[in-house]
Amino acid sequence: MGREVAESCLDGVVMEMVSAYCSRFYAAKPELAAGRIEAIGFQVGHQLSERYTMDRPRFSDHLEAIKFICKDFWSELFKKQIDNLKTNHRGTFVLQDNHFPWLTRVSLDPSMESTDATESDSASLGDTAAQTTTMLLYFPCGIIRGALTNLGITCAVSADMSNLPACSFVVRIKT
Amino acid sequence: MIVCVAVVGHQNNPLYLQSFTEADDALKLHHVVHCSLDVIDERVNNPKRNAPTLNETFLGLLYPTENYKVYGYLTNTKVKFLMVTTDLDVKDADARNFFRKFHAAYVDAVSNPFHVPGKKIASRSFGARVSTIVKSFGSGTTV
């Protein structure tokens, strides 16, 4: 019924989109690039949540919706579920993924960079890679925010990547 | 025979409104759809204690007027589908089947990257799909 595409193509498109926005469209203004990437993720999440909630009964509260994101939504997107969900029961949720598929090929070790890098200082090399990874993570943040907004929950989502390839998404619900 | 279908967004903004009769009472049908929105809000906000369908998407018969029956369906994203029919006996399964197909068509229309969420659905293929679904309603065919 639907046409299929190789997963590596999707990975390639996402990486190229992030790199295009960072280095070509908004090269001097990383905040604008981050905002655009998050907005793209927002629209994607909005439309995907419409599709994946099709055959389900309605959610009774915020926790049900977040659990839907952790289990069904994440497995539709990445073929795995969120590994750990923590909450403070006051509107903040931390979704931890121990092996985020889009980050598995990212290495932040500056000594592994090859000779086609222009910076000579290895510390700034690590910074550039960290900045690009942060930009890449704005996209799934936008996806989560779009999906939750479509379910009626206004929130802010941020990502934390202290140890790759695990990363956690912090969802703060605005009440 | 279905005379009108409508899609209403979560702020009660109309996203799609289509009548299938040649007569001039399209406005009356719009008015009937509008009144049914109130019934939906009432059903959702005051769930009856003995109704097991608290979280179901299909809301069932909302509003029987003198000629028409209005059926409602509420998605997870608070989008409401309404169907006005002149049939006297509508099987529950037929109505559910209709809404299932309609929901699939709606999801495909909304996944269009050129569609702005909150604006009216302007896709011709969506209109064509809806016409097909409406024509096959009640004749017992399953797709």
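The values are calculated or read from the model by the stated rules, or taken from the named source; none is laboratory data. Note that the structure is a prediction, hence the values are computed from the model and not measured. Glycine gets a Cβ as well: all are built from the backbone with ideal geometry, and neighbour counts include every protein chain shown. Just the protein is used for accessible areas: all its heavy atoms, side chains included, with ligands, DNA and RNA removed. Shrake-Rupley method; radii C 1.70, N 1.55, O 1.52, S 1.80 Å.
Things worth noting here:
- Among (1) more than 8 Å from chain B (Cβ to nearest Cβ); (2) out of contact with any Leu (no Cβ under 7 Å at 6 or more places or on another chain) - the single one A:S60 does not satisfy: (1)
- Candidate set from the range A:159-175 (those that are among the hydroxyl-bearing types (S, T, Y) and within 16 Å of A:N84 (Cα to Cα)); member that is least open to solvent (accessible area, probe 1.4 Å): A:S168
- Among (1) more than 20 Å from B:K28 (Cβ to Cβ); (2) in contact (Cβ under 8 Å) with a residue 24 or more places away in the chain; (3) open to solvent by less than 70 Å² (accessible area, probe 1.4 Å), the one test that B:L62 misses: (1)
- Filter result for A:L48 (open to solvent by less than 50 Å² (accessible area, probe 1.4 Å) and closer than 19 Å to B:V79 by Cβ): yes
- The residues of the range B:78-102 that are within 14 Å of chain A (Cβ to nearest Cβ) and touching a residue at least 40 places away in the same chain (Cβ under 8 Å), listed by number, are B:K78, B:V79, B:K80, B:F81, B:N97, B:F99, B:K101, B:F102.
- Selection status of B:V7, assigned to a strand (DSSP E or B), more than 29 Å from A:Y52 (Cβ to Cβ) and either modelled with pLDDT of 80 or more or touching a strand residue (DSSP E or B) at 6+ places or on another chain (Cβ under 7 Å) (or both): no
- Among the residues of the range A:3-42, those that are closer than 18 Å to A:R105 by Cβ and of a type in the set (D, E, K, R) comprise A:E7, A:D11, A:E16.
- Of all residues in the range B:65-77, those that are more than 14 Å from every other protein chain (Cβ to nearest Cβ) and under 21 Å from B:T21 (Cβ atoms) have Cβ atoms under 7 Å from Cβ atoms of residues that are outside any strand (DSSP E or B) and open to solvent by 20 Å² or more (accessible area, probe 1.4 Å), 6 or more apart or on another chain, in B:N67/B:T86; B:Y68/B:T86; B:K69/B:V90.
- Residue, nearest to B:I133 (Cα to Cα), within the range B:103-118, restricted to residues that are more than 8 Å from every other protein chain (Cβ to nearest Cβ) and surrounded by fewer than 16 Cβ atoms within 10 Å (Cβ to Cβ): B:N112
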